[in-house]
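J.: Once you've had a glance at the structure underneath, I'll fire off some questions.
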Amino acid sequence: MPLKDNDFDGVWTIWVFEHVPNPQAALIELRRVTRDGGLVFLAPQWDCTPWAAEGYPVRPFSDFGWGGKLIKASIPIQDALWKMSRPFVRLALYTRWKLHSKPTTLHYRRITPNYTNYWMADSDAVNRLDQYETALWFLSRGDECLNCRGKFHGLNMPDEPLLIKVHKALAVATN
């Protein structure tokens, strides 16, 4: 971004990061332009699904062939498995960060957007971001998550915006 370092007291973004091809580069820029002690309000649509592009949850079974019908029928099972595994995945991410004590890399899942048919919200999303992974990205740089609670910094946090207080003076590294 053509903005000066440490130029803003606060930066916010709502429903954008799921559409950004390289969200880590965008987070680096958000942090760069936010002054030490400044706030970042980050509210993307967390966990965009790969099946939104084809509108599986909202279209009738009759719109699909056998393969599509199987995908549509399996969505509740896939959702349940993701929700059940989520605390374990988040605990593994937290443990890895604590063991290595260095800034983490933002992991996200690329998904194929649909720019032709907008079947449902985020049919045009290009990635699936996890809220906890994103919070750890900031925490690993010395920042403070103001709405992450508990021993593991909000391991079981509900999907809500992140409110981050930037602490550049405490940062181990910026990337």
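What follows is calculated from the coordinates using simple rules that are stated; it is not laboratory data. Since we're looking at a predicted model, the values are computed, not measured. Glycine also receives a Cβ, built like all others from the backbone with ideal geometry; neighbour counts cover every protein chain displayed.
J.: 222 nm [θ] for the chain, helices only, -39500 (n - 2.57) per DSSP H run of 4+, per residue, to 500? Write down the numbers at each step before the final one.
T.: Details: 3 runs with 55 residues, N = 175.
One gets -10500 deg cm²/dmol as the mean residue ellipticity at 222 nm.
J.: List the residues, sorted by chain then number, that are 5 or more residues from TRP12 or on another chain and whose placed amide H is less than 5 Å from its amide H.
T.: Counting only residues 5 or more places away or on other chains, the set is PHE41.
J.: Now a separate question. Evaluate the Debye formula for the range 86-141 with equal point scatterers sitting on the alpha carbons, no solvent, and hand back log10 of I(q)/I(0) at q = 0.13, 0.22, 0.28 Å⁻¹, in q order, two decimals.
T.: -0.43, -0.81, -1.07
J.: Sticking with this structure for a sec: Could you give the dipole magnitude of the chain about its Cα centre, charging the beta-carbon of Lys and Arg +1 and that of Asp and Glu -1, in debye to the nearest 20?
T.: 640 debye
J.: If each residue's Cβ is checked for other Cβ atoms within 10 Å, how do HIS19, HIS107 rank with the fewest at the top?
T.: Working: HIS19 16, HIS107 13.
The most exposed by this proxy come first: HIS107, HIS19.
J.: What Cys residues in the chain have no fellow cysteine's beta-carbon under 4.7 angstrom?
T.: For the chain, the answer is CYS48, because their Cβ atoms have no other cysteine Cβ under 4.7 Å.
J.: Run through all the Cα pairs of the range 8-170 and give the fraction in each 10 Å bin from 0, expressed as whole percent.
T.: The distribution over the range 8-170 is 10, 35, 33, 16, 6, 1, given as percents.
J.: Sort GLU18, GLU133 so the one with the fewest other Cβ atoms within 10 Å of its own Cβ comes first.
T.: The fewest-first ordering by Cβ neighbours comes to GLU133, GLU18.
J.: Hey, fewest Cβ within 10 Å first, where do ASP143, ASP5 land in order?
T.: By the 10 Å Cβ count, ascending: ASP5, ASP143.
J.: Using only the C-alpha atoms of the range 1-69, find the volume of their convex hull and express it per residue in Å³.
T.: With only Cα atoms used, the range 1-69 gives 98 Å³ per residue.
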